[in-house]
Amino acid sequence: MSGNNINKTDLIDDVNVVEEDVLKEECGVFGIYNNNDDLEVGKLTYYGLYALQHRGQESCGIAVTDDTVVKQYKDMGLVPEVFSPDILEKLTGNIAVGHVRYSTAGGSMRQNAQPLVSRYLKGALTISHNGNLVNAYEIREQFEKEGFIFQTTIDSEVLALVIARERVKNDSIEEAVAKMMDIVEGSYSLLVMSPKKLIGCRDPYGFRPLVIGKIDNSYVLASESCALDAVGAKFIRDVEPGEIVIIDENGMRSDKRRCKTKDTALCIFEYIYFARSDSYIDGVSVYESRKAAGRQLAIEHPVDGDLVIGVPDSGIDAAIGYAEQSGIPYGLGLVKNRYIGRTFISPTQSAREDGVKVKLNALRQSVEGKRVIMIDDSIVRGTTVARLVKILRDAGAKEVHMRISSPPFLWPCYYGTDVPSKDKLIACKYPIEEIAKVVGVDSLGYLGTENLHNIAKGSKCGFCDACFTGRYPTPVPKHVNEEELENAPEIRKSPKFTIC
Ligand code: SF4
C-alpha cells in the first residue's frame, strides 16, 4: 500500500532539500486500548499522532488489532499526508499503536517506519519505540551470528526480537518485556501490542517521556500529554522510569521491579526544545520550564536592550521569561511562514542560501532602531543564527544580542537525539566570543550548566545533560568513534572555553 502517487526518490537528484539548522526530534508513540467504550481506535491514534508530529516528520504509521488480525498502514511523510479517510476507515480494532519517526538510528526509508509488526510462535507482536539503544549493535551481531535475518536497520527490531525470544521462554508477554529490560541498555519509551494486551514501558533511566491517560474505561499511552488532550483523554500520570504498565480487559496494572530509586535521567532537552509547550513531563509544565530558563538567562547574562524577541517557535517561551525577569518589553521581531515544514525543497543552490528568509522575516516596525535581544533554545551549526542576525540588521535593528536557553552542545548524544558530529557543532570549533563574531551578534550568552537542572524544578525524574557536560548516565556504545570521545574533554578544558 502507498499513499503517494509519485515515487519521491525519483526526484532526489534534481532538487536540494534544505534542512533547518536545528536538532531533530526523535520519535513519538501513541497507543490505545478500547475497553467497552466503543472507541474508534484507529482514528484516535491518528489524532494522537497529529499532536505528536513535532517529534518526527519523516514517516508515520498505525497498527490495530481485533484479537485475531493485525492491520497496519505506514509510509514516509507527515500524518495528514499518509492517512486518508479511506485508510482510517479500514483501521478498525480494539487496540492500536502508532508512531511518528525521525531517523536517528537506521536510515530514512519506508521499511524502517514503525510500528513494527512481527509474526512469531505466539502470534503477532507489534512495537512502537522512541529512543536509541546503546548496546543494539552487540545484540544484533549476536543474533546475526545465530543466523537471524533482519528486515530493517533500526534498533527497534532488536527490541522486537529480544521480546519474541523471551516470550517463547516465559509465560506472558509482560514477563518477556521485563526480561528484555535486563538485556537491552539505552533509551526506550516503548509500546508493545499483543492480540490481547497493550503494554507500555519506559527504560530505567527514563530518558524519554511516556504518559498514561484515560477515556472512560479505556486507557491511552502517549509520548506527551498534549496527545492526550488531542483525543479528549484525561491525564492520569507519567509512566515511571523502569515501570511496565499492562493494559487488558481487566484494566491497568503495573510492574515496578525494574524502577531505579536514584540516578534517573530524563533528557533535559525535552524541556528545552523537543516537547510541545503545552505538555507536562514528570510533573513539570514544559512552558513553565522554558520560561524559567529565560528568567535564569536574564540573571546570568543581563544586557541593556529595548526589545526581547524569541526565534519562532522554540525560543518564544524563554523570551517571555527573559523579558519578565529583565523588565525589558517582549515583542514580536520575527514572523514565521506557517506553511513551511521543518524541511522544504528549493530548486537552486542560491535559493537554498536564502531558505531562512523564506521561512522567517523580520518585523521592521518592531525592530527598527532598537537594541534587540534575541532568544533561541540552541545553536547547532550557527548558519541559521547568522542569517537571522543579518535579517534583523537589514530591517534596521541597532544592536542584536543573542541569548541561548541551553548550554553549548559539546558532546554527541547516544539516546536518540541527532546531535551532529563535533566537527559540525559550532561550540566545539570556537570559544564563545568567537561564535559571537562568526554569527555577527553584539554579544552572546548561553545558559550555564550549573543552573540547568533548575529549569525543571519539581520534576519527579533526574536528568541527562550529557550533550552539554559529557556525563553519560550509561556506558556509551562500544563501537563509537573513540577519537570523538577523547577530543571532547580537551575542548572543555580549554581556558578559552567559558560560559560568557
Ligand atoms: Fe538529551 Fe543531550 Fe542526554 Fe541526548 S545527551 S538524551 S539530547 S540531554
- Note on the structure: Shape call for the stretch 69-145, from the Cα gyration tensor axes a ≥ b ≥ c (a/c under 1.5 means rounded, otherwise prolate when a/b beats b/c, else oblate), comes out oblate
- Message: Which chymotrypsin sites (Phe, Trp or Tyr not before Pro) in the stretch 120-190 sit in a loop by DSSP (not H, G, I, E or B) and have at most 14 other Cβ atoms within 10 Å of their own Cβ?
- Response: Phe148, Phe150
- Message: Starting from the 7 Å offset along Cα-to-Cβ, what nm value, one decimal, do you get for the label separation of Asp278 and Tyr120?
- Response: 3.9 nm
- Query: Using the per-residue mean of other Cβ atoms lying within 10 Å as a proxy for protection, in what order, highest first, do the peptides 443-450, 85-92, 364-371, 282-289 fall?
  - Reply: 282-289, 443-450, 364-371, 85-92
- Query: Binned at 5 Å from 0, what are the whole-percent values of the Cα-Cα distance distribution for the stretch 137-286, short to long?
  - Reply: 2, 9, 18, 20, 19, 15, 10, 5, 2, 0
- Helix 316-326 versus the longest principal axis of the chain: what is the Cα-based angle in degrees, 0 to 90, to the nearest 10? 50 degrees
- Message: How would the stretch 8-264 be classified by its alpha-carbon gyration tensor: rounded, prolate or oblate, with rounded meaning a/c under 1.5 and the a/b versus b/c comparison settling the rest?
- Response: rounded
- Global size of the stretch 280-458 as Cα Rg and Dmax, reported in angstrom: 16.0, 49
- Message: Testing the spin-label approximation: label points 7 Å from Cα along Cα→Cβ at Lys179 and Asp263. State their distance in nm.
- Response: 2.6 nm
- Any of Lys43/Lys234; Lys336/Lys357; Lys43/Lys122; Lys262/Lys478 with alpha carbons more than 21 Å apart? Name them for me. Lys43/Lys122; Lys262/Lys478
- Item | Burial ranking of peptide ranges 125-134, 209-218, 322-331 (average Cβ count within 10 Å, highest at the top) | 125-134, 209-218, 322-331
- Message: As an exercise, take the mean of 1/r over every pair of distinct alpha carbons in the chain, invert it, and state the Kirkwood radius in angstroms.
- Response: 23.5 Å
- Query: If you take the beta carbon distance between Tyr47 and Ile236 as r and set R0 to 22 Å, what does 1/(1 + (r/R0)^6) give as a FRET efficiency, to the nearest 0.05?
  - Reply: 0.75
- Message: I need to check one value: relative contact order of the stretch 280-458, counting alpha carbon pairs closer than 8 Å and at least 6 residues apart, in percent.
- Response: 24 percent
- Nearest-ten-degree value, helix 41-51 long axis tilted from longest Cα axis of the chain: 20 degrees
- Query: Counting DSSP beta bridges with both partners in the chain, what percentage is antiparallel, nearest 5?
  - Reply: 80 percent
- Put a dot 7 Å past each Cα toward the Cβ at Phe150 and Asp423; how far apart are the dots in nm? 2.5 nm
- Query: Rounded to the nearest 500 deg cm²/dmol, what is the calculated helix-only ellipticity per residue at 222 nm for the chain, with -39500 (n - 2.57) per DSSP H run of length n ≥ 4?
  - Reply: -8000 deg cm²/dmol
- Query: Using alpha carbons only, how many degrees (0 to 90, rounded to 10) separate the axis of helix 286-300 from the longest principal axis of the chain?
  - Reply: 30 degrees
- Message: Net charge within 14 Å of Gly283 by Cβ-Cβ distance, Lys/Arg positive one each and Asp/Glu negative one each, not counting Gly283 itself?
- Response: -3
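Test of understanding: what is the full-extension gain from Tyr137 to Glu433, defined as 0.36 nm times their sequence separation minus their Cα-Cα distance?
102.6 nm
Throughout, read-outs are computed from the coordinates displayed, never taken from laboratory work. Bear in mind that the values here come from a model prediction, so they are computed numbers and not experimental data. Neighbour counts are summed over all protein chains in view; Cβ atoms, including those assigned to glycine, are modelled from backbone coordinates with ideal geometry.
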